[in-house]
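Contents: one structure, followed by commentary.
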Amino acid sequence: MPEESILSDDFIRELMNVGEVDILVAVPSYNDGQTIGKVVQALRAGLLTYFPRARSVIINADGGSRDGTQDLVRAASISDLSVSADVHALRTLHSISTQYEGGPASGVALHTIVAAADLLQAKACAVVSPESTTIEPEWVERLLRPVFEGKDLVLPVYRRHKFDGLLIRNLVYPIARALYASKIREPYPADFAFSGSTAGQFLAQSVWAQEEGRRGTELWLTLWAVVSRLKLVQAFLGTKARLENPRSDLVNAMRETAGVLFCSMDCYASFWRSPQETLEAPCVGCQPAVSLEPLRLNRKRLHQMFVFGISELEPVFLSILSSATHNELKRLAALSEETFVYPAELWARTVYEFSAAYHKAVIGRDHIVQALVPLFRGRAYTFLTETREASAEEVENNIESLCHTFEGEKPYLVEIWDERK
Amino acid sequence: MWQSFISELVRTLDEILRSVARFVPRFLEMLVIVVVGWVIAFVLKTLLRSVLKIARFDKLFEHTGAPQLLRGTALPSSTELVSRFVFWVAWLGFILLGVSVLGVVGIEEHVASFFGFLPRLFAALFILFFGLLAASFFSRAALLSGVNADLPSPRLISLAVRAMIILFVGSMAFEELRISSRTVIVAFSLTFGALMLGLALAFGLGGKDLARRFLEKRFEREGPEASREREDELSPL
């Protein structure tokens, strides 16, 4: 029996026509017609400007778009470069668009990309989000250059609005830092690069057959790279624009982040329970990473939904939380909006108790992750209130302080991890 | 005549003695079966209790809502209840087996029907157990979805989901046991129909204002005024 591959026969034929490459740049997509053309053009310009002698291919892995995304990719691939008149291709720059099976899932797209990189023996591979509308051709260089200098994985750092990425700042970054001893600002990257050998190691993972191989896969692979102590570097890419209609489905976002994080804690328990030296992940070209434009976020609604969640989900919280934490949350829910504060210590304990409950599977694991959503709304309310008037430095200090709290509460996690509830 | 009476009496006594002589070994056999059956049932109970405790069966059952029900009716824990049930089913089986050894006319038929009933009993319990688990899972899923979607009264929705599944599972279990199956089906249909009608009326009449507000809000968003007033969405990632 031949080895089963995620790549379709037609796609393999197209890849074989391309032959071996030095660089593979991939754009996963699903109904991204509005932005993908610009992204592909920027990638072409970046490749031709910074890597004119490299054998390169741009691959679009599409999840079944119905808005002509694939046609736009093909059109952008053959359009004249308007970015610079003196940019000329020294080699043929191939562009391929393929549609993977099984419906839109970023993990499946990534699996397709990694398998293609492995087949083409690519020396360096970059994945760029079609939603990165602020992309500049320089991103290609910033992502790929460190790979050619011997790094295994290049992760992005952006200048983002202080209220963007609330889940990353309040949950994923502090936990990843406390448990895996690595200061990676974007552990769930949208734009990143890796070496050919890392692609091979990614491909050998068993995660592709699991739920984490469909969504939140980028986070999973980053954590795996951290645990495996690969050579990591962070590259400052510039401003990441806030999407006009950000995906505000908090439940799915929670599954992609907290779900994957809790699952990784289960897998790598022996790693994070023993003391670790900090993994160096230097940031190349880093600049102040927070922008401060005013935003109209409804904090009142966050508070209301926190209070509503605490009152309605009591039977679920009784299965997950310790009575002390649960009582403290009930006390918070009784406070008025003006006096409400979800302290960092309590938030860290709450998250750790959720992760231990996930480990013990006290109820359905997906239900545990979903139950964290109303509590996160309470924490987001506090973060927004604390940093409403804050400068970039104060926001940074707030996040730093939260990380220290998670690190300080780690012994509590170790204590409750194997404890019978 | 006296002689004849005496001979009849002797013959009768002889027959009685023979019957007793035939019966006593069978009775002893029955006693042995019952005692051995008790020992086997007891061992089964002890073994099962230990296995269920190791498997944390009570914990598994906790989320079905059954422990609260058991506590409310002053019954022992789920593990104890299942162990005792297995003990009594096993021992009753041995008692009936022992009774059948006595050779009493008509008993065999009842014993056979008891053993014929056992698979149905286990099937009904199986349906009930997994039905309770499903009721717990889906009611919790409804509760979480309701809370996260900010729906009004998610607990009521969750309770309705649980009640409907338990009702459905209960009727299936009774159908399996063939206990008043028609009555159960009719009762189920009536209750389910009434519940659906009640919900339709409640949401249709009670929810018309909510639907109007929802539609107004939805279409107002498209206007230029609304877009100016629109709040920014939370960006979690």
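What follows is calculated from the coordinates using simple rules that are stated; it is not laboratory data. Predicted model, so just to flag it, every value in this text is computed and none were measured. So basically every Cβ, Gly included, is an ideal-geometry build from the backbone, and we count neighbours across all protein chains shown.
Tabulated data for the structure shown
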quantity	calculated
Set of aspartates and glutamates near A:Lys330 by C-alpha distance (under 17 Å), chain-local residues within fewer than 8 positions excluded	A:Glu312, A:Glu314, A:Glu338, A:Glu345, A:Glu353
Computed log₁₀ I(q)/I(0) - Debye formula, equal Cα scatterers, no solvent, segment A:269-323, q 0.17 Å⁻¹	-0.86
Protection proxy ranking of A:166-173, A:199-206, B:19-26, A:290-297 - average other beta-carbon atoms within 10 Å, highest first	A:166-173, A:199-206, A:290-297, B:19-26
Charge dipole of chain A about the Cα centre (unit charges at C-beta), most positive-ward option of A:Phe271, A:Leu120, A:Gly196	A:Phe271
Neighbour-count order for A:Glu131, A:Glu407, fewest beta carbons within 10 angstrom listed first	A:Glu407, A:Glu131
Residue order, fewest to most beta carbons within 10 Å, for A:Trp417, A:Trp220	A:Trp417, A:Trp220
Fewest-first ranking of A:Cys403, A:Cys283, A:Cys263, using other Cβ atoms within 10 Å as the exposure measure	A:Cys283, A:Cys403, A:Cys263
Cα-based Rg and Dmax for segment A:235-352, where Dmax is the largest Cα-Cα distance (Å)	18.5, 49
Only Lys, Arg (+1) and Asp, Glu (-1) charged, at Cβ; segment A:134-254 dipole about Cα centre in debye	420
Local electrostatic count, A:His359, Cβ distance below 10 Å [Lys/Arg +1, Asp/Glu -1]	0
Sum of side-chain charges, A:Ser56 neighbourhood, beta-carbon under 12 Å (Lys, Arg +1; Asp, Glu -1)	+3
Theoretical gain in end-to-end length, B:Leu28 to B:Leu151 [0.36 nm per residue, Cα-Cα removed]	37.4 nm
Computed over segment A:281-418, Kirkwood Rh from alpha-carbon pairs, angstrom	16.3
Nonlocal amide H pairs with A:Ala26, under 5 Å, H built at 1.01 Å	A:Ile59, A:Ala126, A:Val127, A:Val128
Cα-based Rg / Dmax (Å) for chain A	22.0, 68
Rounded to the nearest 20 debye, dipole of chain A from Cβ charges on Lys, Arg, Asp, Glu	460
Shielding by partners, peptide A:306-315 (average Cβ within 10 angstrom, other chains)	4
Chain lengthening between A:Ala324 and A:Ala392 when straightened (0.36 nm per residue, less Cα-Cα)	21.0 nm
Residue-averaged 222 nm ellipticity for the protein assembly as shown, from DSSP H runs of 4+ at -39500 (n - 2.57), nearest 500	-20000 deg cm²/dmol
R0 of 30 Å, Cβ-Cβ distance A:Lys410-A:Val341: FRET efficiency to nearest 0.05	0.85
Normalised alpha carbon radius of gyration of segment A:188-264 [divisor 2.2 N^0.38 Å]	1.20
Selected from A:Asn398, A:Asn60, A:Asn17 as most flexible by GNM, with chain A as the system and alpha-carbon contacts under 10 Å	A:Asn17
Reduced Cα scattering model of segment B:116-177, Debye log10 I(q)/I(0), q = 0.15, 0.25 Å⁻¹	-0.49, -0.89
Neighbouring partner chain Cβ atoms per residue of B:147-160, average, 10 Å criterion	3
Helix runs (DSSP H) in chain A reaching 30 Å along axis by Cα, Kyte-Doolittle at least -0.5	A:365-386
Computed magnitude of the charge dipole of segment A:276-362 (debye, nearest 20; Cβ of K, R +1, Cβ of D, E -1)	320
